[in-house]
Every structure is written in structure tokens, then in C-alpha cells.
Protein chains: 2
Amino acid sequence: MSERESELMRKIGNSAVAKNRGNRRVLLGIGDDAALWSPKQKRPMILTCDWFLEGTHFLPDNHPADAVGWKCLARAVSDIAAMGGEPQCFVLSLAMPMILTGKWLSGFLSGLRRAARTLGCELVGGDTTRRDEVLISVTVIGELSARKALLRSGARPGDAVYVSGRLGEAEWGLRMLRRKSGIAKVAKAAIRKQLYPQPRVELGRWLARKGFASAMMDLSDGLSTDLARLCAASGVGVLIEDDSLPVTSLVARRKARELALHGGDDYELMFTVPRNKEKSLPRRFKGLPLTRIGEITRGGKVLHTCGGKTVPLHAGGWDPFREK
Amino acid sequence: MSERESELMRKIGNSAVAKNRGNRRVLLGIGDDAALWSPKQKRPMILTCDWFLEGTHFLPDNHPADAVGWKCLARAVSDIAAMGGEPQCFVLSLAMPMILTGKWLSGFLSGLRRAARTLGCELVGGDTTRRDEVLISVTVIGELSARKALLRSGARPGDAVYVSGRLGEAEWGLRMLRRKSGIAKVAKAAIRKQLYPQPRVELGRWLARKGFASAMMDLSDGLSTDLARLCAASGVGVLIEDDSLPVTSLVARRKARELALHGGDDYELMFTVPRNKEKSLPRRFKGLPLTRIGEITRGGKVLHTCGGKTVPLHAGGWDPFREK
């Protein structure tokens, strides 16, 4: 019993690589001081890390273990998608209480393995330690297959602003999850979006390869907050048409708009398209709606049309460091 | 004030890259969804991640902020050194209380910057969030310049076991740090080793390039614990001569041996050398002593000679998951 940490890492390694054998680019996986991985020649690598902390990013009573496993990887992969890249491999820092190393850990690893397979991103290394709460940090390595990465800084006045999918459902799903009872049947789709978000890797790569987009980022903290970040990076402003937002039909329209503007955890892509390329952009990508929600403007103002008036759009999404 | 997280990441980025400009391999640093980095052709990459958690890996009352910054990177880089690799860049996951974002954060960043410069490892990305305690996870990307990585699994019966530097001083330094008063002047060197460990990157690369070593790992959790890991990975046993251990002269000999066998945080390298190569191995590498401490044996037993007797060496180093 004196090698519990190594045992735990082995359990994680065995579980996570079981279905991922045969990747020749992983020269050495879990078990040594570090992992060895073979990059493709001449391709820029994409690096991103993401926290996933009990009480901050997930609620132990509401998020099942396999959703924690799925989501901790999916949200980091979403950052790779947002550059137009392909996820390749990841390392996992996991701290947890001894008492969870049985059933909870198995559920967690099952969700993590499913995400790794679905997203084509293999676990190659990690670090574990004991802690009273579950703490997770995931670092994903991706590769750029397009000529250029899609950055936040490329938006220009006149470009149209698009988003993929529907916004606000994951936030509503979270609110439903927190209710102890009385969850409507229609809420199940929203809860699924909260628990098992689908990073838009294929869409991101396609947009980067086709050259449709001038700027791109993923929506993780809420449209109003993330939009302000894209505008700041590009040195531009924006005018959003609230009527055009792809909102959920599961709740009343007014509430749906609020959710779409400020709700977090969407993991959809937001991108800007120069005018001369808009005509060629389809309305859907493999069934996923691509919706025009506004236009980039000169100056730095982030505005939206609300009840016929044009007013400032306050950044009302998730920001852990905002004073409460 | 609604963009506190972005502000914080910017502060970290500005501080950390300030002295690291001009690295052409960093195509995009902090500020977008992810970082872009250009790998060298045909070189395997080395990936490792390491926790550094308040209360588990450092004590807020004993470890000054700049030591936290130095050590969180240094210990992750030590894993790169243990493969015979060169550190290249890193990403930082940092969670902390709002109240520490002033003076403490500046101290932390100053230590982190000094480590990044000294170790040639540039900060390229990160994630920050608010939390009651300071939580850190560092992922380092390295490259292998030698033909082969030095793994834990290459030790063969008959190989000699070597360690660099002196063992046990960092552990003694930690004990001195925890004392409120009465710290001996001679303890300062040990405290320095506890606070600002020096990963043996140059030695690791040299050993890998010269082909001296058959196996290698870094000593982080204590010789007795790490030795058992190397033996398990190689499918061999070991016999350590306690008399030959490079112990500290700062404490009584018996206590010094105990510290050398089980004390953590050394970040020295342990490596095995085939008999036919031992003669060519110098006793020092750039002033750093290389000491023969025992020999690899057949079978899986981890033994040491203690008071003239050969007895099992119990793994008494640090293991967070051991039952207390």
C-alpha cells in the first residue's frame, strides 16, 4: 500500500489508453518522468490549459463523475477548435480525496476516455495527489493543419459576426440541474449540453481551411463577456441584433435572450466573416446552424439592439475575479 | 472592473515575457484562446505536468511568494532533465484568492520569471481563476536533443547506481523553515535548497548525449520511494550502501542518512551506469559531485546495508495517497 500514487496513475493510464492503442506519435505514455510525443514536421503546435475545479467549474452534487471526466477535456479541446486546430494529446493534473478513488474515479475515467476517443485526443501523462476536493487541470496539445490560425484579433469593421449552434441552453441546463425536483422533460436536452458539451473541432478546422473567417474564439464565459474580449483584441466595436440570436425554444423568449447573451458553458464558436465572403458561407455546417448575429463596427463600443433601442451590452458572463 | 480575469492574465503575461522576448519559436503567447509554438523538426517532444498546491506542496507561512514561483516551474523542469531533455516552454494554471493579486502575485511572478530565464523555459499560456487557496499546475514542453530519452526502465543487473549532489538537505531545510525560531546559520544553505531547487538540466542532457546512463529519473519524493519506482520499471532489484550516500554535513551522521534515504524535494538525478562505462564517468560534472551509492541486482528486492547488515529498504518518502 505504499505506492498508492503510482497505482492511481497506473489505473488512470490503463483505463485511458485502453481504447487508444496504436497511435504511433505517442512514443512514451504514462509511467515515466514525462511523456514523449512526436510532432508532425512544419506544423505549428497549439497549447492550452484549463482549470476544472470542484465548486468553481462543477458541482459535486449536480455533475455526475462521467460528466466531470467528459467536460474537463471537452472545454480545453474547445480552445484548440477556436484556433482552427486539431487536438492531439493531453496531460492531466488530478487531485482528489482518497474516498473517491473507487466508484467516482471509475465514472470519471469512463467519461474522460469517451471524450478522448470522440475528440481524437490521447492521454499521455499526468500528476496525481491527494486533496479534500477534486481539482483538475488539463493541458491539451493540438496542431494547426490550416495555413494560419484563426485569432481573436482579426476582426475588421464591416465583418459580420456569426455563432454556431444555439446559445444559452447549457446555462439553463445548469439551473435545472441545481433544482432538486420539478425538472421539466424538455430540460433534458439543455442538461445534456451542460454536462457533455461538444467542442466544434470540425467546424473550426473547416473555417480555418476555407478561409471564411477573419477572427474566431469559443464561447465559454457567455456571449457578452467573450464578445468584449474579441472586440478588445481586434480594436473594434460591435452591434448585436438581439432578434437574430439563436436562442433556445425551451423557455420564454425574453428569458431565452438573457440566457443567450450572458449564459456560460456554450462551447460554440463565434467568428467574423468579411463581407465578400458572406455569400459563400452556408447556413449550416453538417446540420449545425451558423447564425449571423450582428456586425463589427469602428470604435470600441459593444452595443446591442434591445426593444428597438441601441444600448451598451454590459459584460454579464462569468468572471471569477469580478467583485461580488 | 468586469474583466478581472483577463487583466490578471495580462499582468502575468507582461511580467513573464518581459525578459524573454525574441524567441522565434513562440508564434503566439498569452492573450488568445491558446498559444502557438513551433517545434523543431524530427525531435521528439517531452511533456510533463506537476501540481504545486498550497498546504500540500508548499506552506503559505513558510514559503515566500517568489520561492513558490521559482519552485513550481523548477520541479516540473526537473522531470524534463530526468529524460535527458531540454525545457522549451510552459503553460500555467493558477487559482488564487483576490486578496493575493497584489504584492503576493508580484513576488510569485518575480520568482517565476527568474526560473523561466534561468531554465530557458518561456511562459506561453495559462488559465486563471479565483479560489480560497493558491493552486498551481505547470505543464512543461521539452525537446530531446540526444538520440534517445533516458527512461526509468533501462537499468540492468550489475549496473552501478549514481546520484548527483547531496541528498536530504532540502528536507532538512523544510524542517528548519517550519521552526518559528532558533534556525541555525548553517541551515541557510539547506533552506535555500528547499526554496530554490536547481533542476539538473545540463547534467541530464550530458548523460543522455554521452550515453553513460542506462536509466535515469529525478529524486523528488525521497530516494527510498523513487528507487523502488526505478527498480519496478526496470524489473530489477538494488543494494544501496548507506556508507556511500552523499549526505549533508549540516546535521549528525545518523540523522543525515535518514534524511538522504527518505527526504523529499532533492531534485537531484539518479542514474544507472553499465560496468563498462563506469571508468569513463568523471566524479564531478561542472563541480557537481556524482556519487556511486550501490548496484542493481537480479530479482526485485530493494535492499540497503545498514549497520553492517543487509536489510529491506522501506519506501519512506513522500506519497500523498498512503494511508496515514
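The values are calculated or read from the model by the stated rules, or taken from the named source; none is laboratory data. Computed from a prediction, not measured in an experiment: that's the story for all the values here. Every residue, glycine as well, gets a Cβ built from its backbone with ideal geometry; the counts of neighbours run over all protein chains shown. The area values use the complete protein model at the heavy-atom level, side chains included, leaving out ligands, DNA and RNA. Shrake-Rupley method; radii C 1.70, N 1.55, O 1.52, S 1.80 Å.
Being among the aliphatic types (A, V, I, L, M) and under 21 Å from B:Val161 (Cβ atoms) is a property that B:Leu250 lacks. Among the conditions (1) under 15 Å from the mean Cα position of the chain (by Cα); (2) open to solvent by 30 Å² or more (accessible area, probe 1.4 Å); (3) small (Gly, Ala, Ser), B:Gly69 misses just one, which is (2). Scan segment A:51-62 for residues that are within 22 Å of B:Leu135 (Cα to Cα) and either of a type in the set (S, T, N, Q) or open to solvent by less than 20 Å² (accessible area, probe 1.4 Å) (or both) and the total you get is 5. Being within 23 Å of the chain's Cα centre (by Cα) and more than 14 Å from every other protein chain (Cβ to nearest Cβ) is the requirement here; does A:Ala115 meet it? Against the criterion (within 23 Å of the chain's Cα centre (by Cα) and more than 14 Å from every other protein chain (Cβ to nearest Cβ)), A:Ala115 qualifies. If you go through segment A:45-62 one residue at a time, do you hit one that is touching a helix residue (DSSP H, G or I) at 6+ places or on another chain (Cβ under 6 Å), in contact (Cβ under 8 Å) with a residue 12 or more places away in the chain and assigned to a loop (DSSP other than H, G, I, E, B)? Looking for residues that are touching a helix residue (DSSP H, G or I) at 6+ places or on another chain (Cβ under 6 Å), in contact (Cβ under 8 Å) with a residue 12 or more places away in the chain and assigned to a loop (DSSP other than H, G, I, E, B), one finds at least one in segment A:45-62, hence yes. The single residue among A:Lys42, A:Lys103 that is open to solvent by 20 Å² or more (accessible area, probe 1.4 Å), farther than 22 Å from B:Leu135 by Cα and facing chain B (nearest Cβ under 10 Å) turns out to be A:Lys42. The residue that is surrounded by the most Cβ atoms within 10 Å (Cβ to Cβ), counting only those in segment A:223-253 that are more than 22 Å from the chain's Cα centre (by Cα), in contact (Cβ under 8 Å) with a residue 40 or more places away in the chain and assigned to a helix (DSSP H, G or I), is A:Asp242.
Scanning segment B:254-272 for residues that are of a type in the set (Val, Ile, Thr) and either in contact with a Phe, Trp or Tyr (Cβ under 6 Å, 6 or more places away or on another chain) or not in a strand (DSSP E or B) (or both) yields a count of 0. Close contacts from segment B:84-97, counting a first residue that is at the interface with chain A (Cβ under 7 Å from one of its Cβ atoms) and a second that is open to solvent by less than 10 Å² (accessible area, probe 1.4 Å) and among the aromatic types (Phe, Trp, Tyr), with Cβ to Cβ under 9 Å and a gap of 6+ residues or different chains, come to B:Ser93/A:Trp51; B:Ala95/A:Trp51.
Being of a type in the set (Phe, Trp, Tyr), touching a residue at least 24 places away in the same chain (Cβ under 8 Å), more than 20 Å from B:Ala34 (Cβ to Cβ) and touching an Asp or Glu at 6+ places or on another chain (Cβ under 8 Å) is a property that A:Phe108 has.
Given the residues A:Gly154, A:Gly120, A:Gly165, which is the only one that is within 13 Å of chain B (Cβ to nearest Cβ), surrounded by fewer than 23 Cβ atoms within 10 Å (Cβ to Cβ), within 21 Å of the chain's Cα centre (by Cα) and over 29 Å from B:His57 (Cα atoms)? Among A:Gly154, A:Gly120, A:Gly165, only A:Gly154 is within 13 Å of chain B (Cβ to nearest Cβ), surrounded by fewer than 23 Cβ atoms within 10 Å (Cβ to Cβ), within 21 Å of the chain's Cα centre (by Cα) and over 29 Å from B:His57 (Cα atoms).
On the stretch given as segment B:199-220, residues that are surrounded by fewer than 21 Cβ atoms within 10 Å (Cβ to Cβ) and under 23 Å from B:Ala67 (Cβ atoms) total 1. Considering only residues in segment B:288-322 that are without any contact (Cβ under 8 Å) to a residue 40 or more places away in the chain and assigned to a strand (DSSP E or B), the one that is farthest from B:Gly168 (Cα to Cα) turns out to be B:Lys309. Within segment A:296-316, if we keep just the residues that are hydrophobic (A, V, I, L, M, F, W, C) and surrounded by 13 or more Cβ atoms within 10 Å (Cβ to Cβ), the residue that is modelled with the lowest pLDDT turns out to be A:Cys306. Quick one: is A:Ala95 open to solvent by less than 30 Å² (accessible area, probe 1.4 Å) and in contact with a Pro (Cβ under 7 Å, 6 or more places away or on another chain)? Spelling it out, it is not the case that A:Ala95 is open to solvent by less than 30 Å² (accessible area, probe 1.4 Å) and in contact with a Pro (Cβ under 7 Å, 6 or more places away or on another chain).
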